[in-house]
Amino acid sequence: MTFTFAIACLEAKKQQIVHQRRVNKTSRANTCVLSLPDARFIKLFRVDKETFKWILRKIQPDFTLSYLTPALQLAATLHFLATGSYKLSVSRNRPVNIGRSTFSRILHNVIPLMEAVLCREAITLRMSQQQIKQSRDYFYENYQLPRVVACVDGMQIKILKPVRDETIYFNDKDYYSINAMLVCNYNMEILAIDCTHPGSCSDHYIWSNSQAREYLSRNVKCHYVLADTAYALENYVLTPYRNADQDSVEQRFNERHAAARSVVQRTINLLKSRFGCMQRALMYDARRRTPLDEREMLHEQMDEFDGEIEYEDDDTGALLRDEIACTLR
């Protein structure tokens, strides 16, 4: 009996030592995160310290995991977004050992917080009159396209094969993805983004059902959004001419349009280069993002449309585009 009790005490002491080591390591890591050199901090997290602290202040009240500080949870999340790895090493000799299951809980807690709290402030389609003027001036002075305020495009974000409804996530480039819609201004600032649609959805479908389109159609009068031929021509959406003749006014318009619209592709490329997680196939749980009725509707859409879709041009949009094309020199 005495021997058994001694063994039990020894085991309890061992567990206490292990726990204390974990506490000490976590405490050191919490202290180390903001004491890193500025250059290394930005390399690890893709934001500077002031931005990190601003994000932390915004979302800290809603953290749930108590044994890891909010600073460390945010650091682990930002590091994953920056590199695609959940293994965080705040210095060469001080790795932070966060298990995969623990990190999964962190990610599923922190990402929704960042989305709910930060996106409302950092990503908005509301533009002041000064911002609208700056955009108009930029596109007209550089490309002679009048009254342009934004550009829209889709980007395919590669994911691993989903465990359910995999067919709607398989895109026309033969891999599984999310088709994300992005709207930006002349200065590569993101005004709107929608990452809720599977890769098989067309850019036009996502745009047509987006809050961004609804907002711009009601609030940006007599101005234009630039889009490629995957979108329908509308009285506020300028798309290129299809099959423009060589040396024609239509071809000249297409060239200016492509040069101006390149800002959205540069924005997408910058986003992907800044956040390394987008350069690899991500784990994705469809149950967390896409409601069942949405998936059923998408199945019906896939059955109805097969292959590349061409959309009828809006008559008013066509007249407006012709007027602009004829003024280009």
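I need the phi-derived Karplus couplings for the range 51-61: 6.51 cos²θ - 1.76 cosθ + 1.60, θ = phi - 60°, integer Hz, Gly and Pro marked x.
The phi angles translate into 5, 4, 5, 5, 4, 4, 4, 6, 10, 4, x Hz.
Assuming a ≥ b ≥ c are the square roots of the Cα gyration tensor eigenvalues, decide whether the range 105-193 counts as rounded (a/c under 1.5), prolate (otherwise, with a/b larger than b/c) or oblate.
oblate
Hey, rough spin-label estimate for Q279 and R242, points 7 angstrom out along Cα→Cβ, what's it come to in nanometres?
Placing both labels 7 Å along Cα→Cβ, they lie 3.7 nm apart.
So between S101 and S262, what do we pick up on full extension, going 0.36 nm a residue minus the alpha carbon distance?
On the way: separation 161, 0.36 × 161 = 57.96 nm, distance 4.05 nm.
Full extension of this stretch gives 53.9 nm more.
Can you pull the one-decimal nm distance between simple spin-label points at S217 and K43, each 7 Å off the Cα toward Cβ?
Reported label-point gap for S217 and K43 is 4.9 nm.
Mind listing the phi-derived Karplus ³J(HN,Hα) values for the range 226-240, rounded to whole Hz, using 6.51, -1.76 and 1.60 with θ = phi - 60°, and x for any glycine or proline?
8, 8, 8, 6, 6, 10, 7, 6, 10, 6, 10, 10, 9, 10, x
What pairs from K133/K272; K43/K272; K53/K158 go past 19 Å between their alpha carbons?
Those over the limit are K133/K272; K53/K158.
Give the residue list of trypsin sites (Lys or Arg not before Pro) in the range 97-141 that are DSSP loop and have at most 12 other beta-carbon atoms within 10 angstrom.
Qualifying residues, ordered by number: R126.
Starting from 0.36 nm per residue, how many nanometres of slack lie between I111 and E255 once their C-alpha separation is accounted for?
Residue separation times 0.36 nm, minus the Cα-Cα distance, leaves 47.9 nm.
Along the Cα→Cβ direction, 7 angstrom out, place labels at L160 and R57. What is the inter-label distance in nm?
Roughly 3.8 nm, to one decimal.
All of the numbers you see were taken from the coordinates with simple rules; none came from a lab. The model shown is predicted, which means the values in this text are computed figures rather than measured ones. As a convention, Cβ positions derive from the backbone with ideal geometry for all residues, glycine included, and neighbour counts pool all protein chains shown.
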